[in-house]
Structure formats: C-alpha cells, structure tokens
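Here's the structure, in structure tokens; my notes come after.
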Amino acid sequence: MQTTEYTLEECVPIVAQLAVKCTGYEHSSISYEKAQSLMEGVLYCIQEWESAEADTLRQSHIPAKEAYLAGREIVIMKVSQLQTLYNELIPDFQDFGSQPIKEFIQSIPHFLSHYDAVYAPHETPPLCEVTYYPVLKNMDAFTGIDAVLEYLKCIRLEQQFLTRFDYAYVAETLRLYSEDYGILTENYCSIVLLNLIAHMMLHKPFSNPCFTHEDSLSLHHLFQKTSGHAPAAAVENILEELVAHYFDHNRALLDYLRGSIPELSARLPHIASAFGPYS
C-alpha cells in the first residue's frame, strides 16, 4: 500500500462510508478484497493531496477525510487535464507507423469513460492491450490517472520532437533501423536522435541517412579520446545544441530527451550496425 502521514485507523471511517455507497446501501459488509481496494483508493487520493501540499511548501495537517476529499478533487482535475491534452494532440497526431503508440492513443477515450475516480482511483489499466511503447521517463512510480497523464505528456514531448523534422526523414530513419519498425517496442526519439547525433558528430550531410563501417570507426576513435563520463557529456553537449537550434531552448524537451543519453553514448560507436545499408 501507499505510505502517507495518516494511519490506516484514520482512513477506516472513510473506507466504511465508501463501502456503504458503493453497495447502494443494500449490504452491511463487503469482501476483504473490496475493502482493501477501497483503502488503496483512499490512500491514493490522500497522497495526491500530500504531493500538492509538498509542491506548494505548505505543511498544514488536516483531518484524513478532508485530505482525502481534497486529493480526490485533484484526481478529478487530472482527468480533465488528460481530456484536454488528448483533445489538443489528436487533430495533428502522428504515430509514425508505430502500432504501440497508435494503440495507446486509441485507448485514451476508453480510459476516460471507464476510469473510476471515486472507488478505484489507484487502478492503472493497461496502456496498450497488445504491445507497449517505452517512453524516456521511468514510469514505475506512477499509478492510476498519474500513470496515463504522465505517459501522455511524454508522448506530447515526443510529438514536438519528431514532427519538427520531415516525415520522410523520420520514416526512412526508422525503416533503416528496422524493417519492422511499426511493431518495434523501442523508443522512436532515441532511434532518430542516434541518427541525428551521429550525423552531427561526423559532420555528415543528412541527405545520406546510412552509415558505414568507417563511420563507426571514426566515432569509436572520437570516444577513445575521452574517458569516464566524458562520452555522455559529449553527447549531452550536442543534444543541447540540437534543442537550442531546432526547439528554441525548450527546457522540458531537453530534460526529457536526456533520458536517452546513456543508450546513445553506448551505441554511437556502433552506428553502422544500426543504420548501415544492410542493417
């Protein structure tokens, strides 16, 4: 269960009230599993309130029921935020042929119509029924509405990045990386960034999307001149240049794309195996 400053004993009366309401006042008892689920939901809402309090540097202690109700309002507000974000994204949305991304976007209306902010705010439905698309942010700590909202925010940042470039370039880069890129469960931004940064480091024209064995050797030699964390630092410097030039120093996007730096640093010396003419 989630941890809060409130004890389970303080939350039991809230669970009892919810149990009465969810059974329609017809039964005096519910199953242990249902009671446990309701308690999870109460703690989830209280955590939402506590997180909001921490963000505003307020340290007031209020009764558990007030904290729960305030947290539930935050949950409802986030549902509205999710709907707004979805409405903003959908008109010009590009899935770039990715089945996992397409499935996730298609799942949003279903989530919005079935999410229970009162009795099960903590439950996290599958983002995609068949496959899963990995974003560049660790999603392990997110559940309920937070999981879906944060995931969609990541997708929005990826849209900002990928749609800045010509669709044909992105599609060809993905195709070079894998003929089956439509079902690939790898992050598209990382793949495109790998291609972009390799071009920038080698001063190679973007009109030639492939890389040769000699290109890999050149990058390997460049990284051999560095040690420790220097390869990652070099990649980060180029990433900052790229975001500054193409995205007007978009800090949120830069922070998000930084999640790909370790992988990029490791894969750049082997660029030909990723985007070679026969890869």
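The values are calculated or read from the model by the stated rules, or taken from the named source; none is laboratory data. The model shown is predicted, which means the values in this text are computed figures rather than measured ones. Quick reminder, even Gly has a Cβ in these numbers, built from the backbone with ideal geometry, and neighbours come from all protein chains shown. Surface areas here come from the heavy atoms of the whole protein model, side chains and all, with no ligands, DNA or RNA. Shrake-Rupley method; radii C 1.70, N 1.55, O 1.52, S 1.80 Å.
Assorted remarks:
- Only residues that are over 18 Å from residue 62 (Cα atoms), part of a helix (DSSP H, G or I) and open to solvent by less than 70 Å² (accessible area, probe 1.4 Å) were counted across the range 6-26, and they come to 5.
- Residue match in the range 128-136 (condition: of a type in the set (S, T, N, Q), free of Cβ contacts under 8 Å to residues at least 12 places away in the same chain, under 30 Å from residue 38 (Cα atoms) and open to solvent by 30 Å² or more (accessible area, probe 1.4 Å)): no
- Which listed residue is modelled with pLDDT under 95, more than 18 Å from residue 121 (Cα to Cα) and touching a Ser or Thr at 6+ places or on another chain (Cβ under 7 Å), from 62, 30: 30
- Within the range 163-180, residues that are more than 15 Å from residue 94 (Cβ to Cβ) have Cβ atoms under 9 Å from residues that are at pLDDT below 95 and surrounded by fewer than 14 Cβ atoms within 10 Å (Cβ to Cβ) in these pairs: 176/277, counting only partners at least 6 apart in sequence or on another chain.
- Residues that are buried (at least 16 other Cβ atoms within 10 Å of the Cβ) and touching a helix residue (DSSP H, G or I) at 6+ places or on another chain (Cβ under 6 Å), drawn from the range 161-186: 161, 162, 170, 173, 174, 176, 177, 181, 182
- When 152, 196, 136 are screened for being in a helix (DSSP H, G or I) and closer than 24 Å to residue 108 by Cβ, only 152 passes.
- Selection within the range 241-256 - among the small types (Gly, Ala, Ser) and either in contact with a Leu (Cβ under 6 Å, 6 or more places away or on another chain) or under 20 Å from residue 137 (Cβ atoms) (or both): 252
- No other residue among 118, 148 is open to solvent by less than 40 Å² (accessible area, probe 1.4 Å) and among the aliphatic types (A, V, I, L, M) apart from 148.
- Among the criteria (1) modelled with pLDDT of 95 or more; (2) within 24 Å of the chain's Cα centre (by Cα); (3) not acidic (Asp, Glu), the one residue 68 does not fulfil is (2).
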